[in-house]
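Note sheet for the following structure.
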């Protein structure tokens, strides 16, 4: 492999790694069971198009609560709810966040994104065949750990649970 390519990749991955390690340590100090690894094949939305990220990014699993992805341009926190819990969930609790609600089997099937109305989430879920519903919260990259930890605490309160790997 070309040494210049390695140096370029290190310029991208070293800050992600260091940020992730500090966040994992912070979570553990707060008695969260947090493990991490590199995972690829995430899908992101760019304008109206989904793009698969074939490269791995750090993902922290907070046991029984949520996953935290440290992506190149943002942080995402995702957990899932049962269909029944998702239909009853008060989505106004997410008003302080940029978020999406989607199907777990068909993760490109959005029940909510910035182009859909919040009031219709329950109806769209009810009309689907999904048994589990994903909620994803977006935060700015390199945001303060306190914002991430606050969102993790909310996920715990809302009884979200982790995605299957």
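The values are calculated or read from the model by the stated rules, or taken from the named source; none is laboratory data. Because the structure is a prediction, the values reported are computed rather than measured. For neighbour counting, all protein chains shown are included, and Cβ atoms are generated from backbone atoms with ideal geometry for every residue, glycine included.
Here's a check for you: in the range 136-165, which residue that is exposed (fewer than 13 other Cβ atoms within 10 Å of the Cβ) and not in a helix (DSSP H, G or I) is modelled with the lowest pLDDT?
Checking each candidate, the answer is 165.
Go through the range 39-135 and tell me which strands (runs of 3 or more DSSP E), entirely inside it, have 3 or more residues that are touching a helix residue (DSSP H, G or I) at 6+ places or on another chain (Cβ under 8 Å) and within 23 Å of residue 16 (Cβ to Cβ). Please lay out each step first, then the result.
Working: elements: 42-46, 49-53, 57-62, 66-70, 74-82, 98-103, 110-112.
The qualifying strands (runs of 3 or more DSSP E) are 57-62, 66-70, 74-82.
How many residues does the range 91-130 contain that are surrounded by 13 or more Cβ atoms within 10 Å (Cβ to Cβ), within 26 Å of residue 149 (Cβ to Cβ) and free of Cβ contacts under 8 Å to residues at least 24 places away in the same chain?
The total comes to 1.
Considering only residues that are without any contact (Cβ under 8 Å) to a residue 60 or more places away in the chain, assigned to a helix (DSSP H, G or I) and within 16 Å of the chain's Cα centre (by Cα), which ones fall in the range 1-38?
16, 20, 24
What do you reckon, is residue 41 within 20 Å of residue 160 (Cα to Cα) and either touching a strand residue (DSSP E or B) at 6+ places or on another chain (Cβ under 7 Å) or surrounded by 20 or more Cβ atoms within 10 Å (Cβ to Cβ) (or both)?
no
Mind checking which residues of the range 74-84 are touching a strand residue (DSSP E or B) at 6+ places or on another chain (Cβ under 8 Å) and either farther than 22 Å from residue 147 by Cβ or surrounded by fewer than 12 Cβ atoms within 10 Å (Cβ to Cβ) (or both)? Lay out the reasoning, then the answer.
Our first condition is that a residue be touching a strand residue (DSSP E or B) at 6+ places or on another chain (Cβ under 8 Å); within the range 74-84, this holds for 74-83.
Residues satisfying the conditions are 82, 83.
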